[in-house]
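So the structure is just underneath, and the comments pick up after that.
The values are calculated or read from the model by the stated rules, or taken from the named source; none is laboratory data. A quick note: this is a predicted structure, and the numbers were derived from the prediction, not measured. Cβ placement follows ideal geometry from the backbone for every residue including glycine, while neighbour counts extend to all protein chains displayed. Note: areas computed on protein heavy atoms with side chains; ligands, DNA, RNA excluded. Shrake-Rupley method; radii C 1.70, N 1.55, O 1.52, S 1.80 Å.
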Amino acid sequence: MRHQYHPLGFEGSRIAQGFWRCLEWGMSPAERLGFIEACLDLGVTTFDHADIYGKYQCESLFGEALALKPALRDKMEIVTKCGVLLPAERRPEIGLHRYDYRSKHIIESVDASLAALQCDYIDTLLLHRPSPLLDADEVAQTLDHLFTLGKVKHFGVSNFSAAQFDLLQSRLDAPLVVNQVELSPLALEHFKDGTLEHAQQHAVTPMAWSPFAGGAVFSGEDDKAERIRSVLQAIANSRNVTMDQVVIAWLLRHPSGICPVMGSGKIERLERAVDATRLLLSDDDWFRIWIASQGHPVP
Ligand SMILES: NC(=O)c1ccc[n+]([C@@H]2O[C@H](COP(=O)([O-])OP(=O)(O)OC[C@H]3O[C@@H](n4cnc5c(N)ncnc54)[C@H](OP(=O)(O)O)[C@@H]3O)[C@@H](O)[C@H]2O)c1
């Protein structure tokens, strides 16, 4: 796994580890450092953050752990995001949950992320969600400025449609290397709306957030989740693996080079996901999961 890079523009590990739920893990700084080191040992070198995770606290928790062993910074790629404003105790000046892609906000957000993460550059900065007020010229100039200062090496977007992506890219010199969207057997929308075809055409890596639909793949009580689970279980039994490994193999099988972003703080779940990079699903099994999710055969 180590040093296995995406075939496309994004330099990162085949599987990434997300820190959205990091506050819930209840780890001490030393335990958090141990978790980060265990990820690196597994070859999971890409860590996904956002300024707002844990109501603006998760980046600091990561930074606090990294400060115990700063030499680890060179062994990892840090992805973080900006652009969402979230009312929170730590941000009393924010009155409304909305988006902000003004130059001032992007620059302040990156500086706050760098301070919280206790490092001096971000590998890949993502615009978290598209905004109707996003001015592509202003954003492009701002990103260019951040690149020139050496604060950000690469840029990408999250939850952007192909058209939203193209507008921003048309104003930017740097290639956008990532579009992070929701992809899982329970969330097929972006398999169907052109996002993944667009990614392949432009050598953009799709990162899959909530690859287990936040756990609903295993615990959802609706018919769709139950249908998917019964197919996952049958495939898992036939291949002598676990259901979560089948989900990861299903995402990795897609030709766009999807990078699943894992959300659990339990290292054994990540170990299984890394093992699943060696599991090649048959096309029959891939479509069994697709059909179970759709609830009807393909036309
Ligand atoms: N760009 C965006 O807009 C966006 C949005 C959401 C998330 N994200 C990113 O995506 C990352 C992952 O999202 P997520 O946490 O929703 O991902 P997820 O992997 O779909 O869900 C993780 C949740 O599933 C539970 N789970 C239950 N059984 C599991 C199993 N067998 N294996 C793994 N997990 C299991 C975990 O519980 P346990 O804790 O008990 O393991 C955890 O609560 C986030 O950390 C964040 O970096 C980005």
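Results, tabulated for the structure shown:
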quantity	calculated
Cα-centred dipole magnitude for the chain, charges only on beta-carbon of K, R (+1) and D, E (-1), debye, nearest 20	380
Accessible area per residue, Å², region 45-121 with all protein chains present, probe 1.4 Å	45
Those residues of region 271-299 whose amide nitrogen sits under 19 Å from the label point placed on Leu188, 7 Å along Cα→Cβ	281-299
With every protein chain in place, region 100-198: carbon and sulfur % of accessible area (1.4 Å)	51
Solvent accessible area, Å² - Phe287, 1.4 Å probe, full protein context	100
Top of Thr148, Thr124, Thr80 by mean-square fluctuation, Gaussian network on the chain, Cα under 10 Å	Thr148
Region 232-273, accessible area per residue, ligands and nucleic acids excluded (1.4 Å, Å²)	38
Percent carbon-and-sulfur accessible area, region 234-299, ignoring ligands, DNA and RNA, probe 1.4 Å	52
Loop-located trypsin sites (Lys or Arg not before Pro) in region 43-101, at most 15 other Cβ atoms within 10 Å (DSSP)	Arg90
Range in the chain, longest, excluding exposed GluC sites (Glu not before Pro) [loop by DSSP; at most 13 other beta-carbon atoms within 10 Å]	94-220
In degrees, nearest ten, helix 29-41 long axis to first principal axis of the chain (Cα)	60
For Asn179, distant residues with modelled amide H under 5 Å away	Val157, Thr205, Met207
Karplus-derived HN-Hα couplings along region 246-259 (A = 6.51, B = -1.76, C = 1.60, θ = phi - 60°), whole Hz, x at Gly and Pro	5, 4, 4, 4, 5, 5, 5, 5, 5, x, 7, x, 4, 10
